[in-house]
Amino acid sequence: MKPQLTRLCIYPKDIQIITGKSERYSRDLIQKIKKHFNKEDHQLVTFQEFCEYMGIPLTEVQAVIRG
C-alpha cells in the first residue's frame, strides 16, 4: 500500500474549489495572505496559513481538497 502524498502549499485552483470564487480572486487572496504573513514573492503560502487567515478549520479544507 502506497502512502498518499500530501502537499503543504496551496494554489489558486485549491482556493477556487474551497471558496467557489474566480481564479483572479484566488490569486489576489494569495497575495493578501503573503502580505499578511510578510512573505516574499518567491515564498509559497501553506494550507495552515490560508486557514489561519480565512478562519476555516484545516480539517475541513483538507476534506474538500482530498474529497
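What follows draws every value from the coordinates through simple rules; no lab data is involved. Quantities reported herein were computed from a predicted structural model and do not represent experimental measurements. Because the Cβ atoms are built from the backbone with ideal geometry, glycine has one as well, and the counts that use them run over all protein chains shown.
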| Other-chain or far-sequence residues with amide H under 5 Å of THR46's (modelled H) | ILE10
| Suppose R0 equals 25 Å; then what is the FRET efficiency for ARG27 and ALA63 from their Cβ-Cβ distance, rounded to the nearest 0.05? | 0.60
| note | Note: MET54 to THR6 extended length (0.36 nm per residue) minus current alpha-carbon separation gives 15.2 nm
| message | For the chain, what are Rg and Dmax over the alpha carbons, in angstrom? | response | 12.2, 41
| query | Restricting attention to the chain, which chymotrypsin sites (Phe, Trp or Tyr not before Pro) occupy a DSSP loop and are surrounded by at most 15 other Cβ atoms within 10 Å? | reply | PHE37
| query | What is the distance in Å between the Cα centres of segment 6-26 and segment 44-62? | reply | 11 Å
| query | What GluC sites (Glu not before Pro) in segment 18-58 are in a loop by DSSP, with at most 10 other Cβ atoms within 10 Å of the Cβ? | reply | GLU40
